[in-house]
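The values are calculated or read from the model by the stated rules, or taken from the named source; none is laboratory data. Fair warning: this is a prediction, and the values are worked out from it, not measured in the lab. Quick reminder, even Gly has a Cβ in these numbers, built from the backbone with ideal geometry, and neighbours come from all protein chains shown. Please note that ligands, DNA and RNA were not included when accessible areas were found on the heavy atoms of the full protein model with its side chains. Shrake-Rupley method; radii C 1.70, N 1.55, O 1.52, S 1.80 Å.
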Amino acid sequence: MYSKTPQDLAALTYYGLYALQHRGQESAGMVIGDCGVLSSCKDTGLVSEAFSKEKLAALGKGNIAVGHVRYATTGHDSRRNIQPLLINHRKGRMALAHNGNLTNSYELRTALEEKGSIFHTTTDSEVIAYVIVQERLKKGSIEEAVASAMDILEGAYSLVLASPSKLIAARDPHGFRPLCMGQRPDGTIVFASETCALDAVGAQFLRDIAPGEVVTVSESGLRSDSSHCSTACRSLCVFEYIYFARPDSVVDGQSVCLARQRAGMFLAQEHKLDADIVIGVPDSGLDAAIGYSAASGIPYAIGFTKNKYIGRTFISPTQDERESGVNIKLNPIKPVVAGKRVVMVDDSIVRGTTCRRTIQMLKDAGAKEVHMLVSAPPFIAPCYYGTDIDSAEGLIANHHTTCEIAAIIGADSLGYLSLEHAMQLAGRNASLCTSCFSGKYPTAVPSHTEKDRFEQKITKG
Ligand code: AMP
């Protein structure tokens, strides 16, 4: 956030991060800039755990703020990796928040280390900070340094960074991860991964940051550098619509809720079923179930109650936690499903753990048949752009056919969305990254893909 005059940006950033909690639940942090002095507050846990009233008050007023919620895709969820990173460099200080995953971070970090650079974290985000700082030494301004760093950085990065006097937002030329801009009635400029955060802080949506664009806000106003923009390589992650983003957000001009409903309608075209009710697995399966019901004529019902006080199971750091998390998270509503032929819609099958349990729950609650529909194609290939799926090993669809998966998860039938339809979730002209469904990547594949690649460097050293 950038405001011309100092105000309580810590409180506003807190609200914004709260709205983005679904994007990362491991840790949260913010940096507030006041008259050129950058102060930071960060901790592990949810936004409500990381910040107390006292801590927010201690940050004081400011005119620049950068916040972050973390879901680790490179480096463990340890304290040292909490963002925003606050860096001291030759030309001043810098706070950096990063969403995404670089594909050349191993090579960049190795080259920097060979020249004697010391890293404090095991994230790829610190590599970005280093590259920007190095470019800053050659360039006249921080925004030129960011633009020049874009020639070096590869992969997925939506960035918000603050210098003592400027706020900069930048999005990689593919636009893998979303980034948008809004404005509060008092003129405060707000950048956020999703429009739901703009709504939370009372900011009006202005526009998305274009893939490859660098936007700078300072005392002299708002400037945009589009020298790295090219419509040719746009590839927003399709999973933003399928799973990551909140349904009330609009990502690159497309409502997430409507994209999910569209997925359900496509499923109805592709998979005609004889059934009594359609239910969605909360939360990301709900809109697709509504779309399926509307297009198929099979009545929609609420088949599960979700415990609102539990975070996304997938974000639990171990498989054990993930498995136990499913039980406490969802409970079928017996009178709704008992004796019925149920169509159950969920957003995706990754390892197959979640749906095996949800189907079992429905059967235990008396469902006569459970037909599973997935509002995404089979997930067959790793993702290198920030979804924490760095190898094909655990992906059930990589090793099994749809029939085999149906048997493993205990479904009476199983149907996926076709790749052709997945590519149209944001409209016919959208250009989405669907590499996890096709194995075809819009960038070079990284040489080292392990999430803990920099931890390994430390232990080996
Ligand atoms: P699994 O139990 O491994 O099959 O995981 C499937 C569930 O994880 C889905 O129901 C989604 O809600 C969630 N999920 C799917 N894809 C992702 C992803 N890329 N990152 C985090 N969670 C995901």
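Things worth noting here:
- Criterion applied to His371, His421 was being outside any loop (DSSP other than H, G, I, E, B), within 23 Å of the chain's Cα centre (by Cα) and more than 15 Å from the ligand (Cβ to nearest atom), and the one residue passing it is His421.
- Checking the stated criteria, Arg341 turns out not to satisfy the condition of being within 12 Å of the ligand (Cβ to nearest atom) and touching a residue at least 24 places away in the same chain (Cβ under 8 Å).
- Being of a type in the set (Gly, Ala, Ser) and free of Cβ contacts under 8 Å to residues at least 60 places away in the same chain holds for only one residue in Gly92, Gly100, Gly62, and it is Gly62.
- Against the test of being in a strand (DSSP E or B) and at pLDDT 95 or above, the options Ala111, Ala58, Ala97 yield a single qualifying residue, Ala97.
- In the stretch 261-310, of all residues being of a type in the set (S, T, N, Q) and over 25 Å from the mean Cα position of the chain (by Cα), the one that is nearest to the ligand (Cβ to nearest atom) corresponds to Ser293.
- Some residue of the stretch 143-160 being in contact with a Gly (Cβ under 6 Å, 6 or more places away or on another chain) and open to solvent by 20 Å² or more (accessible area, probe 1.4 Å): no
- Residue identified as loosely packed, with under 15 Cβ neighbours inside 10 Å, more than 13 Å from the ligand (Cβ to nearest atom) and among the small types (Gly, Ala, Ser) among Gly415, Gly439: Gly439
- Those residues of the stretch 418-429 which are out of contact with any Leu (no Cβ under 7 Å at 6 or more places or on another chain) and among the small types (Gly, Ala, Ser), in sequence order: Ser418, Ala422, Gly427
- Residues that are among the hydrophobic types (A, V, I, L, M, F, W, C), in contact with a Pro (Cβ under 9 Å, 6 or more places away or on another chain) and more than 22 Å from Asp77 (Cα to Cα), drawn from the stretch 28-43: Cys35, Val37, Leu38
- All of Ser40, Ser27 fail the test of being in contact with a strand residue (DSSP E or B) (Cβ under 9 Å, 6 or more places away or on another chain) and open to solvent by 30 Å² or more (accessible area, probe 1.4 Å), apart from Ser40.
- Index of the failed condition, Ile389 passing every other in (1) at pLDDT 95 or above; (2) touching a helix residue (DSSP H, G or I) at 6+ places or on another chain (Cβ under 8 Å); (3) not in a helix (DSSP H, G or I): (1)
- For the stretch 347-368, the tally of residues that are buried (at least 22 other Cβ atoms within 10 Å of the Cβ) and within 8 Å of the ligand (Cβ to nearest atom) stands at 5.
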